[in-house]
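The values are calculated or read from the model by the stated rules, or taken from the named source; none is laboratory data. Being a predicted model, the structure only gives us computed values, none of them experimental. As a convention, Cβ positions derive from the backbone with ideal geometry for all residues, glycine included, and neighbour counts pool all protein chains shown. All accessible areas refer to the heavy atoms of the entire protein, side chains included, with ligands and DNA or RNA removed. Shrake-Rupley method; radii C 1.70, N 1.55, O 1.52, S 1.80 Å.
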Amino acid sequence: MQKAGRRPRADSLRNREKLLLAARDVFSAGGPEASLEAVARRAGVGIGTLYRHFPTREALFQAVYLRDVDQLVALAQQAADGRDPVEALRQWLHACVGMVATKKGMLTALAPSVQGSDPLFADTSRRLRAAVGSLMERAVAAGRIRSDLTPEDLMRAMIGMCYTREQPGWQTTVVLLLDVFVDGLRLPPDPAA
């Protein structure tokens, strides 16, 4: 057992990272193969190592989900690097599709264990709305997209596209639909400019 205040060993941190990456891959693919045993196998560790890092199924779910949300928030913050604001918004929405795929797979595989995650979803939803809101504000300020859509509207549309009838290749279809949606948000060029 690790003493309080002591840093985790490097190999322990590597195993945790491998487990998070493996869980994201396994749950994104979904299906009956999306199990904790499959996560451990994919990470190249034993099931005991998985349970040492994530003692419950919900702990694994929360860690993977929070990691995805943190990455999406960071991606939105990086948008200020001079990229075209509409393309930054498009890239962020594409990345969201991957997060939704992982979440859908986890909810299917871990359904009984995520009943208490309402506070988690409330907080992460707020963070994601703020992230997409900052991307939208930047694009609106540049005169590139319509200003009459709220972050909630955009997230609702994206999630609605992701949760249509389940079929193979749904992620590719959703990315295409999101491209059409983002193109529809564009404002025509200002002839006076």
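Numbers below:
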| quantity | calculated |
| --- | --- |
| Net charge of neighbours whose Cβ lies under 12 Å from the Cβ of Val97, counting Lys and Arg as +1 and Asp and Glu as -1 | +1 |
| Formal net charge of residues neighbouring Val86 (Cβ-Cβ distance under 12 Å; K, R +1; D, E -1) | +2 |
| Rg and Dmax [Cα atoms of the chain; Å; Rg one decimal, Dmax integer] | 19.0, 69 |
| Neighbour net charge for Gly133 - beta-carbon separation under 13 angstrom, K R +1, D E -1 | +1 |
| Accessible carbon and sulfur surface of the chain relative to its total accessible area, %, 1.4 Å | 56 percent |
| Value at 222 nm in deg cm²/dmol, rounded to 500, when DSSP H runs of n ≥ 4 in the chain each add -39,500 (n - 2.57) | -23000 deg cm²/dmol |
